[in-house]
Structure formats: structure tokens, C-alpha cells
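*Asks:* Let me give you the structure first, and then I'll get to my questions.
The values are calculated or read from the model by the stated rules, or taken from the named source; none is laboratory data. What you are looking at is a predicted structure, and each value in this text was computed from that prediction instead of being measured. Virtual Cβ from ideal backbone geometry, glycine too; neighbours counted across all protein chains shown. Remember, those area values only see protein heavy atoms, side chains included, never the ligands or the DNA or RNA. Shrake-Rupley method; radii C 1.70, N 1.55, O 1.52, S 1.80 Å.
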Amino acid sequence: MNRQKSYIALSIVVLLLLPLFIKNQFLLHMFILIFLGVIYGQSWNLLGGFTGQISFGHALFFGIGAYGTAKFLTSDSLSKIGVIFNHQADPILAIIFGGLMTILVTFLMGTIIFRLSGPYFGLGTLAMAEIGLVIAMNLKSVTNGGEGILLLDTPSIGPFELMGKTSFYYLILVLMLLTVFFVYQIMRRKMGYFLLAIREDNQAAEAMGVPTKRYKILALMASAFLSALAGGFYTLYVGFISPHDVFSVHTSVEMIFITIVGGVGTLMGPVVGAVVLTVLSEVFKSYFDNAYLIVYGLLLILVILYMPEGIYGYLKKKWNARKKVMADADVAS
Amino acid sequence: MPMLQVKDLTKQFGGLTAVSKVSFSVNEGEVLGLIGPNGAGKTTCFNMIAGAMNPTKGQIEFEGQRIDGLQAHQISQKGIARTFQIVKPLRNLSVFDNVMIAALSKSKDISQAREIAQEVIDFTGIHDLAKKGAGELSIGNLKRLEVARALATLPRLLLLDEPMGGLNGKEVDQAIELILKINKSGKTVVIIEHIMKALMQVSDRIVVLAQGEKIAEGTPEAISKNEAVITAYLGEEYHAQS
Amino acid sequence: MDLFLQSLISGIMTGGVYAIIALGLTLIFGVMRIINMAHGEFLMIGMYISYFSYTLFHIDPFISIVISAPLTFLLGVVIYRFVVSRSQNEENSLILTAGLSLVLANTALLLWSPDYRHLKVPYGTEVVKLGNISVSLPMLISFLITIAITLLLYWFLNKTDLGLAIRASAQESEAATVMGINVKKIAMITFGIGAAFASISGSLLAPALYAYPTIGTLFLVKAFVVVVLGGMGSVEGALIGGIILGVTESLGSVYISTGMTDAFGLILFLLILLFRPSGLFGTATR
Ligand SMILES: Nc1ncnc2c1ncn2[C@@H]1O[C@H](COP(=O)(O)OP(=O)(O)OP(=O)(O)O)[C@@H](O)[C@H]1O
Ligand SMILES: [Mg+2]
């Protein structure tokens, strides 16, 4: 156990020091994408993997987070709130604002969407995200329609300007670590066990005294909040958002893929998934341009068919089996 | 005043009346047997009492309070636990975690839930299985897990739906022993069971349903001689062979 | 009034094509309980087959159905046999077909580039006058084909052994097994038929719409709306649902705005999913 802790501490230190040694911008960009991918996966996994509610609509939360952040930074009235704490609109507050908007939406949505279960839940969430897209396209007064929103000023956190890959690296690193810690904390508490019970058998969970609906809504809110953080970061990093960028089915699907490929229902799965898929897609992007998604899709299919527990789950199983064999050998000798 | 009182309970599924105006009561401390041929409406009664389904008509009172229409988890909080005829283990979790989660809804934190779980596991004698995945258990052990999980919610009233279905002779004897032990520890029990000999042994009173209606009620001796009951079971394969 | 009739009729005609897309989806769902997320890609493939048949061999798009349907049927059968049938449960097959969708769409992207391609038939802009109402000729043809295909499907499902077997397994796969029907083979054939239906609608749409690799998603969502409207797994429901969606869209785009019509369709979809999961006309609960 302690050894595990020291490994984790060591990796965090390495990640913190990394930008001191990496000057290659592309490599830094890769790391940023990986960390973002980890948040994608953790977010989806909390609801889809641990709670068993397979959503095809997480782009909705990503999108609301992205737009919430952009609005906060660009609208005069909202950004004043930020200015109280800072000389200009604060990006951290903006991201939190996006997250709170998402929580509000999911709170309202949660009371009805959980009438659905199984594949119907997937369809329902897909429809909700599409509705989000249509609204973003048409509610021009708020979203600027299909033209999207461009961030003109360089946001800065206190004295630190968010400029250059290194500053974004640290921002997303912190967000990612917080995300993993957050999910870890949920899963080791009462709530985590309740979510697992809901995933395994809703009716049994109810009979065991678990208020399943309330916990599903809580899981949805927490999961959506994490997606919104990712969306908020995306806004800052890219500096421009449009409905089709952030509300696209593609985003929802990517979250699912990272989780499934890495290992659904495990804390480390999305981490592994984000690393594997990001690296693979960046490599293949240089050969196939946009069509790199073929590799994405193929990998997903192979994983579902041949290692349904995901890459991390598979390796863990192998590792445990080996340890057992070695322990048995020890006893024998 | 009886602990549980069911009045004119009725459940319709579309055109089918699965339970029709059934009334009975359960006294604190007793074991009440609920029997009837297949499809008589026994499980449906449990579903309504436990809050898994709302009654179409009728009332359910527990310890003087109306509980019909409450959700299943609220009923669990009130102190009623049920087991499922078709077992519902949390397959990918360990036996211990299955029991522990059941204890969680009544405990302030995980460590308290662990203590309760450990006690229940010792009480029900599934010690050796605690670390196993619930998905790997035999049907006999799954039935015991159902009971253990129900007990872990610290109920005062326990609804057991065919806890002996699919068990072999030795396991049935163990189950009888366990049920008597649970009853002795102060819990009230309602049990649905097709194995007559076992049911006669554990029940203080028996209620008989057939085609959704209550056709008889009384002591085990009286029920075994009751004409209406014997007729209801005629034509049906008689389950009392064991 | 004429405007109303005009848009009503064009709505019904578009609705016919929607119905064909949805028929494939609903058949697959009925028999296998699989929601095929890759359904739209078969439509896309149909569109490209028609496009290339026309530009390379001068085969009329409506005639190219004879090529696109059997080809996609085979593709569907192969994909089902080697991929879809191996998934372990409902949720997995949902995600699996989503992966498949990505693979198919991006293979198209790789092969045919993201360019929008327009199949221009010489009679593309011709209209037929029915009293005061004018209907575009390609649309009329495609509607007639829609009717023919629907009748054909109806005959197939009700009068042939294979069709009856498909219906039996859609209703009750256990009963079908007892009746000695090879459920696996039926599933494979149904998946093929579903794929073929999607591609037929793609061919029907080819003269009217631009073809591009990711067009499938758009129609997947439409097909979902239709299927949920009519009730998952119901053939008649898909027809009625298709017409309802077509008419709603057509009237909506005339009397409200096009963008918002999409939202109405989706909201309707969501409401039905939430409150009438068996469809507008269904009785069974899920
Ligand atoms: N959810 C449901 N929907 C429709 N009909 C149901 C439902 N649950 C039960 N039924 C029907 O209600 C009737 C009573 O069923 P129930 O399960 O209560 O019988 P039972 O007495 O427990 O039988 P068994 O001894 O076989 O367990 C049966 O005809 C059954 O088919
Ligand atoms: Mg029963």
C-alpha cells in the first residue's frame, strides 16, 4: 500500500518537473491532450463505468462547460465577478462558472432522464446532447450561433499569463490530478459503494436501502461537472469554440472510447486509455490525417471483443495471475 | 396491534389480477408462512409490501404507519427487508461487499458497516465465502447471501421469498435452522416456500393464496387438513415430496 | 393553403425515405435487441455507391439500388458474423456498433476524402404538376420506390418462411428457438436486410443531397426519432413515425425556422422516450 503511495508521489513529481526538460512544443501538446483525455475518461467512467449508466451525451456537459467558460470571460456583466478578485476576468472562476451551469442543467435533467435505463438511457442522453447542439446553434444572443465565440484576451491566473504550452500544461495537470483524486474519494466512500450496487442491480440496491435515483442524479452531476471542467479548459486552450466543436457526438464517443479501451469501472483504466489512444491517434494522424479515427474505432472493437475488461484490466489480471504463480512456486521450493 | 397489516391488497397487470383483495396480518415475533400454487400472487404481495411495486388498491400498515406507495429504499429504512426469489447478487463484487453495502444504508460510515457485515456473515455462516466474488457462488450459497444481505439492513421484519428453492436436503436443513435462529434473535419473518415440510416446521401460522385470492389461514395442522387448500393444490404437482 | 398542401406532400415523401431508414434499424432492434449505432454509415455507403455508379458507369441512381442493396446486405452479414454477434451484452453491442460507425465513416473519409459530392441527374430539377402542387421528379420517383419496397418487405415478412421466422424471433426469441428456428442465422440475415434498407435510402437520397463521409450521423439520429415514435421493433410504427417526422420537419421549416424544427423533433423524441417508451401507438411496456 505504501509502496503504491510512493509510486504515485514519484509520478506526480516527475510530471511537475517534466516541462523543465521538455522544450518540444509538440510533445507538451501531447501531454496536454493526454491529461485532458484522462479527465474525459474519469468523467464518463464515473457514470458509465462505476454506476453503469451508459451515456452517449456527455458532449452536452462538455459543451455547457465550454460555453459557460467562454461567456464568463467575454460577457461584460459576468466577467466583473472575476475582476473583483483579479485585474481581469479570472479563467479559474470562469471554468468553475461553467461547471456550476452544468450542475444546474444536470440537476434538472436528472429528475427525468433516469426514467430510462439500458440502451434507452443511451438514446435519451444522445438526444439531449443534440438538443444542446441545436440550441447553441440557434440561441444566437447567448452563443453567437454557428460563428462561435473567440477569446480575444489572453487569460491570466493572478500574475501568470495563460500563454504558451507550459502554462497550459500545469493548468491541465492540476485539473487532472484533482479529477482523479475526486473520483477516488467518491469511490472509497459510501457513495462509491452505492454506485457500484446500482450498476450491479438497481432493484437489489433499492431493496438494500439505497435511494438509487438520488445517487444516480448525484453521479450524473459529479460526472457532468468533470466534463464541464474539461470543456472549460478546452475553451481556454483553443481560444475559440463553436457548437459543432464542443457539442459533437464525437466528444461523447471519445470519452466512452478512452474508458472502454483503458478499462471500464477502474480508476486507472481511463488513464491508460487516454495515454494509449492519444499517442496512437497522434501518430496515425500524421499518416492518415483525419481518418486516424479508423484506428480508434478498430482498437475499440478489438478491445470489446478480446479484452472486455480493457487494457488496464487485462494487464492487471495477467499480473495477478503471475504473482499467484510465483507465490505458489515460492511455497513449493 | 399486529406488526404488519395488509388490507384488501390488489394488484392488476393490465387485464390480469395477480392479487385480489388479500388481507392478512403479521404479529411481532412470529413466523408466518405464505403458500400457494405457482402464479398465486405470493411474490407480487412481497413486491408491494417491500415497495418494489405500488398496489392497485389496498393498504399496508407497518408498526401503525401506512407504508403503501413508499419506494423500496424507504421501506428498507422503515425496517423491512426482503430477499428475492430469483436471486439478485451484485455479481462483480465480493460476498463481503454485498453484505457491507446492505449495512451501509443504516450505518454512519464504512467502518461501522464493516462491523455489521462481519457480524451478519458470522451469524449466517458464510464466513468462508466472504472474499469470493458473488458471481461465483452456487445457488445454495446465493440464497444464503440473499438472507445475509437482508439481515445486514437490520430489519425488524424479514420477507423471505423461497429461500430454499433449489437447495439439496442438507442445505434445506441448514436453512430451517437459520430461519429459526433469525426468529429467535427477535426478528419477525414472513416466508414463502414450496417445500411444505420445511414450511410446516418453521411457521407459526400459514396464509394460503390461490389465483390471487386468500383461501385459507391458520395453524400448520389446520392448513394441512383444509379442504380448500387441498383442492387448490390438486392438479398441480404437489411440492411436499421432500 | 397551397403552401400548406405543398409542404405536407413533400413532408410525406421525405417521410417515406425516413421510414425506409428506420425500418432497417427497427428490424435489427426487434430481432437482436441491438441498437445499431452504425446504421447511418450503411446509408452513407449507399449514397456513395450510387454516386460512383452514376459518375463512372452512368447508372441511374434509382437503378443503382440493384447494386447497392445486395452489396450492403453482404457487408452487413459479414460485419454481423465477425463483429457484432461476438459482443457479450446489450451495452457492449451499443458501444461496439459506435466503434464500427467510426471505422466505416473514416474509411470513407480516407478513400473518398471529406469533399461534398453531388450526384446531378439530368432530370434533377424537373417537377411534376399535380393541380396547383408541384413535386420534384426525383422525389416522386423515390417515393414510389419507397412504397414498392415497403410492400415487398410486407410480403416478405408475412408470406415467406424466412420472413415469418424473422417475425417470430422478433416477437419472442425463446419461442423461436423452440420452433426450431436458427436464431443466429436469422439475426445475421436481419442485420444484412437492415443494412440494405439503410443503403437503399442512401441511394434514394443521393440525387437530392450531398454525399459526405459523416452524413450517417445525421440520419442515425433521425432514424432513432422515427423508431422511438413508432415503437422500437415495430414495422408499421416505423412507417407512421417516418411520415410524422417528414411532415413535422417540412411544415416546421415553412412555418417556424429550420434550425428550431430539429429541436422540436428531438424534444418530441425525448418526451416519447420518457413517457411512452413503447411508441405513440404501442401497448406493450418494455
Ligand atoms: N411484472 C409483472 N407484469 C405482469 N405480470 C406479472 C408481473 N409479475 C407477476 N405477474 C403475474 O402475476 C401472477 C402472480 O405472479 P407471482 O410471481 O406473484 O406468483 P407467485 O405466487 O410468486 O408464483 P411462484 O410460486 O411461481 O413464484 C402471475 O400470473 C404472473 O405471471
Ligand atoms: Mg414467486
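*Asks:* If you count only protein heavy atoms and use a 1.4 Å probe, how large is the accessible surface of A:Tyr7, to the nearest 10 Å²?
*Replies:* The accessible area comes out at roughly 140 Å².
*Asks:* Gap in Å between the Cα centre of region B:109-170 and the Cα centre of region C:221-264?
*Replies:* 50
*Asks:* Still on this structure, please answer the following. I'd like the interface area for chains B and A: accessible area of each alone minus the complex, both sides summed, 1.4 Å probe, protein heavy atoms only. What is it in Å² to the nearest 100? Working shown, then result.
*Replies:* Numbers: alone 11310 and 17140 Å², together 26660 Å².
Adding both sides of the contact gives about 1800 Å².
*Asks:* Compare C:Met32, C:Met44 by solvent-accessible area with a 1.4 Å probe and give them largest first, with all protein chains kept in place. Show your work: numbers first, answer last.
*Replies:* Values: C:Met32 30, C:Met44 0 Å².
Largest accessible area first, the residues go C:Met32, C:Met44.
*Asks:* Let me ask another. Give me the accessible area of C:Leu239, 1.4 Å probe, in Å² rounded to the nearest 10.
*Replies:* Ignoring ligands and nucleic acids, C:Leu239 comes out at about 50 Å².
*Asks:* Using every alpha carbon pair in region B:1-118, what percent of pairs falls into each 10 Å bin from 0 up to the bin containing the largest distance?
*Replies:* The distribution over region B:1-118 is 12, 37, 32, 17, 2, given as percents.
*Asks:* Just to check, using Stokes-Einstein with a Kirkwood Rh over alpha carbon pairs, what's the diffusion coefficient of region C:2-275 at 20 °C and 1.002 mPa s in µm²/s?
*Replies:* Numbers: Rh = 18.9 Å.
The estimated diffusion coefficient comes to 113 µm²/s.
*Asks:* Rank C:Leu239, C:Phe42, C:Ala170 by how far each Cα sits towards the positive end of the charge dipole of chain C (+1 on Lys, Arg Cβ; -1 on Asp, Glu Cβ) and give me just the farthest.
*Replies:* Positive-end residue among those listed: C:Ala170.
*Asks:* A further question on this structure: Could you sort out which of A:Lys190/B:Lys106; A:Lys190/A:Lys318; B:Lys197/B:Lys225; A:Lys317/B:Lys132; A:Lys324/B:Lys132; A:Lys324/B:Lys131 sit more than 19 Å apart by Cα distance in this structure? Intermediate values should be presented prior to the final figure.
*Replies:* Working: A:Lys190/B:Lys106 11 Å; A:Lys190/A:Lys318 30 Å; B:Lys197/B:Lys225 14 Å; A:Lys317/B:Lys132 16 Å; A:Lys324/B:Lys132 16 Å; A:Lys324/B:Lys131 16 Å.
A:Lys190/A:Lys318, as the Cα separations exceed 19 Å there.
*Asks:* Just want to confirm a number: the relative contact order over chain C, from Cα pairs under 8 angstrom separated by 6+ residues, in percent. Each step should come with its number before you reach the end.
*Replies:* Numbers: 481 pairs, mean separation 109.4, N = 286.
About 38 percent, as a whole number.
*Asks:* Could you run the numbers on buried accessible area between C and A, total for both chains, 1.4 angstrom probe, in Å² to the nearest 100?
*Replies:* Numbers: alone 14000 and 17140 Å², together 27600 Å².
It comes to approximately 3500 Å² buried between C and A.
*Asks:* With a 1.4 Å probe on protein heavy atoms only, tell me which residues of region A:262-310 lose at least 50 Å² of accessible surface in the complex relative to the chain by itself.
*Replies:* A:Ile294, A:Ile301, A:Ile304, A:Leu305
*Asks:* Counting trypsin sites (Lys or Arg not before Pro) as exposed when in a DSSP loop with at most 10 other beta carbons within 10 Å, what is the longest stretch of chain B free of them? Could the numbers behind the result be given before it?
*Replies:* On the way: sites that count: B:Lys108, B:Lys131.
The answer is B:132-242.
*Asks:* Any number yet on Rg/Rh for the protein assembly as shown, C-alpha, Kirkwood?
*Replies:* Working: Rg = 30.4 Å, Rh = 30.1 Å.
Rounded to two decimals, Rg over Rh is 1.01.
*Asks:* Another question, then. Please calculate how many Å² of accessible area region B:88-154 carries per residue, with a 1.4 Å probe and no DNA, RNA or ligand atoms counted. If you can, show how the numbers build up before the last one.
*Replies:* Working: 2710 Å² over 67 residues.
Per-residue value: 40 Å².
*Asks:* Over region A:44-192, give the accessible area per residue in Å² for a 1.4 Å probe, as an integer. Mind showing how you got there, number by number?
*Replies:* Details: 6030 Å² over 149 residues.
Here the per-residue accessible area is 40 Å².
*Asks:* Nothing charged except the Cβ atoms of Lys and Arg (+1) and of Asp and Glu (-1): what's the magnitude of the dipole of region B:67-154 about its Cα centre? Round to the nearest 20 debye. Don't jump to the answer; show the numbers that get you there.
*Replies:* Numbers: 12 positive and 9 negative charges, 38 e Å.
Taking the Cα centre of region B:67-154 as origin, the dipole is about 180 debye.
*Asks:* For region C:2-275, please report how many Lys pairs fall under 25 Å Cα to Cα, leaving out neighbours fewer than 8 apart on the same chain.
*Replies:* On the way: C:Lys120/C:Lys129; C:Lys120/C:Lys222; C:Lys159/C:Lys184; C:Lys159/C:Lys185.
Qualifying lysine pairs in region C:2-275: 4.
*Asks:* Right, something else. Can you tell which of A:Met307, B:Val95, B:Asn54 lies farthest toward the positive end of the dipole of the protein assembly as shown, using +1 and -1 charges on the Cβ of basic and acidic side chains (Lys, Arg; Asp, Glu)?
*Replies:* Projecting each Cα onto the dipole axis, the largest value belongs to B:Val95.
*Asks:* Now, a different point. Restricting to DSSP H runs of at least four residues, report the calculated mean residue ellipticity at 222 nm for chain B, -39500 (n - 2.57) per run over all residues, nearest 500 deg cm²/dmol.
*Replies:* Details: 9 runs with 90 residues, N = 242.
That comes out to -11000 deg cm²/dmol.
*Asks:* Which of B:Val26, B:Thr219, B:Gly133 sits farthest toward the positive end of the charge dipole of chain B, with +1 on the Cβ of Lys and Arg and -1 on the Cβ of Asp and Glu?
*Replies:* B:Gly133
*Asks:* Helix A:25-44 against the longest principal axis of chain A: what's the angle in degrees, Cα atoms only, rounded to the nearest 10?
*Replies:* 70
*Asks:* Then there is this: Counting Lys and Arg as +1 and Asp and Glu as -1, each charge on the Cβ, what is the dipole of the protein assembly as shown about the Cα centre in debye, to the nearest 20?
*Replies:* Numbers: 62 positive and 56 negative charges, 222 e Å.
Dipole magnitude for the protein assembly as shown comes out near 1060 debye.
*Asks:* Also, I was wondering about something else. Reported to two decimal places, what Rg/Rh ratio describes region B:93-149 when computed on Cα atoms with Rh from the Kirkwood expression? It would help to have the intermediate numbers written out before the result.
*Replies:* Numbers: Rg = 10.4 Å, Rh = 10.9 Å.
Using only Cα positions, Rg/Rh for region B:93-149 is 0.95.
*Asks:* For A:Leu20, A:Leu93, A:Leu139, give the ranking by accessible area with the largest first, probe 1.4 Å.
*Replies:* These residues rank, largest area first, as A:Leu20, A:Leu139, A:Leu93.
*Asks:* Let me ask something additional. Tell me, what is the per residue accessible area of chain C in Å², probe radius 1.4 Å? Kindly include the intermediate steps, with their values, before the conclusion.
*Replies:* Details: 12220 Å² over 286 residues.
For chain C, the solvent-accessible area averages 43 Å² per residue.
*Asks:* Divide by every residue of chain A the summed helix terms, -39500 (n - 2.57) for each DSSP H run of at least 4, and state the resulting mean residue ellipticity at 222 nm, rounded to the nearest 500 deg cm²/dmol.
*Replies:* Details: 16 runs with 257 residues, N = 333.
For chain A, the value works out to -25500 deg cm²/dmol.
*Asks:* Between region A:91-122 and region A:205-222, how far is it from one alpha carbon centroid to the other, in angstrom?
*Replies:* Spelled out, the Cα-based centre of one part sits 15 Å from the other.
*Asks:* Taking the full set of protein chains and a 1.4 angstrom probe, give the accessible area of B:Glu217 in square angstrom, rounded to the nearest 10.
*Replies:* 80
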